[in-house]
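Structure first, commentary second.
Every number in this text was worked out from the coordinates using simple rules, so none of it is lab data. This is a predicted model, so every value here is computed, not measured. Don't worry about glycine lacking a Cβ; one is built from the backbone with ideal geometry, like all the others, and counts go over all protein chains shown.
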Amino acid sequence: MTRAMGAAMRRIHVGNALSAFGLGFTVPYLYVYVAQVRGLGGMTAGLVLAVFAVAALIVLPFAGRAIVRRGPRPVLLVALVLAAVGAMSLGLAGTATAVLVSAAALGAGQAVMQPALATMIVECSTAETRSRAFAMQFFLQNLGLGVGGLIGGHLVDATSASSFTLLFGIEAAMFLVLAGVMASVRMPHSPVIGDAPSQSAKGAWKRLLGNRAMVQLGVLGFVMFFACYGQFESGLSAYGVEAAGISTSALGTALAANTAMIVVAQFAVLKFVERRRRSRVIAGVGLIWALAWVTAGYAGLGHGSQEMATAAFVSTYALFGLGEAMLSPTVAPLVADLAPEGMAGQYNSAFALVKQLALAVGPAVGGPLGASLPGPYVVMFFVFSLGISVLALRLGRQLTAVQDQPWRAKGSLVVARGAAEPVGVDA
C-alpha cells in the first residue's frame, strides 16, 4: 500500500467506527420507541422494520450504477446526509406517517452506505491487504455497535420521549461526522489488478449475471444471511424463548456473547484464514454454524437443566460470531476480486441487495417456525448450514487460483480480476 492509500484507509475506518457507534444507540430500542414510547402499537413498529428492508431493496439496484458513474465518495456523502435527516426526523416523529417516512429515509441511506464504503475500501487496498482491511471494518462495526448500545441503554428512559430524541440526535450527528471525515479523504487512484478493460455502467447487470462465479457467490450469500443473520433477532430468539425457556436477560447475554466473540477473535481468526483457500474457509463456516444449530437443538430439545439450556443457547450465538469473524476477511474481498476493473461498486451493491433480500425473508420464515415448530426449525437450518459448505466447495471450482488464494498474487504485478478462467501467477 502507498502512503496515500494508508492515510485514506485510516480515515475510512475511523468514520466507519463512528457510524456504527451512532447506530448502536438506536437499533436495540427502535421497536420499544415506536410501539410504546410514541404509542403507535406493535403493528406500526413492525411496519417500520419492514420499511427499512423495502427502502433498501428499492435503492440498492440504482446505487451500484451511481457508484460506477460518480465514484463511491459522492454517493456515500448523499447517503449519509439522507440517513442523518431520517434519523433526526425519526427522533422527532409523533405520527405513524412521519415515523414510516423517516424510517424509509434512514433505511435507504444506511443501505447505500454499505456498498459505497466497501468500494472505498477496495480502492484504498491491494489484493494482499484487502482481507485485513475488511476484517478491521467488521471489527470496528461490531465494537461501535456494542459500545453504542451499552451507552444508549444507560441514557434511554422508556417513560421519556426526549431521551429517545437524544439517541436519534446522536445517531444523526455521527452520520454527519462521518460525512465530514469522508469529505476530507483523498482517494488514491486504484491500482490495476486485472487485465479486464474498464466497463461502463450500461448493461452492467447483464454482465454481472453472466459471471458464473458471482452468481454462485450471490446464491451462497443468500443462504448464509438467511440461515444466520436473518435468524438472530427473529427465529432464533423466538425459538430460545418458546422452546428453551430463555429469559430476555439471557437473550441479551447471548447477543453480547456474539459481539464479544467477534471482537476478541477477529484478528486471531484473520491469521488463520489469510493463507487458506477462501472457498474452504466459507465451507468451514458452514460446519461451525451446523454445530451451532446442534447446540441450539440441545438448548431447546435436550431436556436438560435450565442453566445448561441457557449456556447452550449463549454458546450458539458465540459460535455464530466465530463464523462471522471468519467470513469478514473472506467474502467481501472475494466480491471485489470477482468484479471487472471499475465495476466494484456494481458488484458490492448487488451483493448488498442479496443480503437485504435474505434479511427480509429470513425473519418472515424463521420467526413463526422457531416459535411454533422448534424441532423442524432447528433441523431446517442445520441442513441450510451444511448447504453453505456444499455451495462454497462448488464455488471454489469457479474461482481462479488467485481469487481463491489471494496470497499467491504477492510478487506479481498483475492479478486476475473478474476473469472467467484460471490465471497462473508463477510465470
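Grab the beta carbon distance between Glu242 and Val27, set R0 = 30 Å, and tell me the FRET efficiency rounded to 0.05.
Computed FRET efficiency for Glu242 and Val27 comes out at 0.80.
Along the charge dipole of the range 1-127, which of Leu18, Ala83, Gly71 sits closest to the positive end, that is, farthest toward it, with unit charges on the beta carbon of Lys, Arg, Asp and Glu (+1, +1, -1, -1)?
Looking along the dipole axis, the top candidate is Gly71.
Rank Leu338, Val241, Gly387 by how far each Cα sits towards the positive end of the charge dipole of the chain (+1 on Lys, Arg Cβ; -1 on Asp, Glu Cβ) and give me just the farthest.
With unit charges placed on the Cβ atoms, the residue in question is Leu338.
At a Förster radius of 41 Å, what calculated FRET efficiency corresponds to the Cβ-Cβ distance of Thr97 and Trp407, to the nearest 0.05?
0.15
Per DSSP H run of n ≥ 4, the term is -39500 (n - 2.57); total these for the chain, divide by its residue number, and report the mean residue ellipticity at 222 nm rounded to 500 deg cm²/dmol.
Details: 16 runs with 318 residues, N = 427.
Calculated at 222 nm, the ellipticity per residue is -25500 deg cm²/dmol.
Could you tell me which of Leu399, His154, Gly169 has its Cα farthest along the dipole of the chain towards the positive end, charges placed at Cβ (Lys, Arg +1; Asp, Glu -1), taken about the Cα centre?
Leu399
Is the chain rounded, prolate or oblate when judged by the Cα gyration tensor, a ≥ b ≥ c being the square roots of its eigenvalues, rounded requiring a/c under 1.5 and prolate requiring a/b larger than b/c?
The shape class here is oblate.
Can you give the longest stretch of the chain with no exposed loop site, where a site means trypsin sites (Lys or Arg not before Pro) in a DSSP loop (not H, G, I, E or B) with at most 12 other C-beta atoms within 10 Å?
On the way: sites that count: Arg186, Lys202, Arg275, Arg397, Lys410.
The reported range is 1-185.
Short version: ³J(HN,Hα) in whole Hz for each residue of the range 234-240, in order, from phi by Karplus 6.51 cos²θ - 1.76 cosθ + 1.60 (θ = phi - 60°), x for Gly and Pro, what are they?
My calculation for the range 234-240 gives 10, x, 5, 5, 5, 4, x Hz in order.
Hey, what do the phi angles of the range 151-161 turn into as Karplus ³J(HN,Hα) couplings, whole Hz, using 6.51/-1.76/1.60 and θ = phi - 60°, x for Gly and Pro?
3J(HN,Hα) across the range 151-161, in whole Hz: 5, x, x, 7, 8, 7, 9, 4, 9, 10, 5.
How many times 2.2 N^0.38 Å is the alpha carbon radius of gyration of the range 202-320?
Cα-based Rg divided by the globular estimate yields 1.28.
When the Karplus curve 6.51 cos²θ - 1.76 cosθ + 1.60 is applied with θ = phi - 60°, which whole-Hz ³J(HN,Hα) does each residue of the range 354-368 get, with x for Gly and Pro?
Rounded to whole hertz, the list is 4, 4, 5, 4, 5, 6, 7, 7, x, x, 5, 7, x, x, x.
Please report, in debye to the nearest 20, how large the charge dipole of the chain is about its Cα centre when each Lys and Arg carries +1 at its beta carbon and each Asp and Glu carries -1 there.
1300 debye
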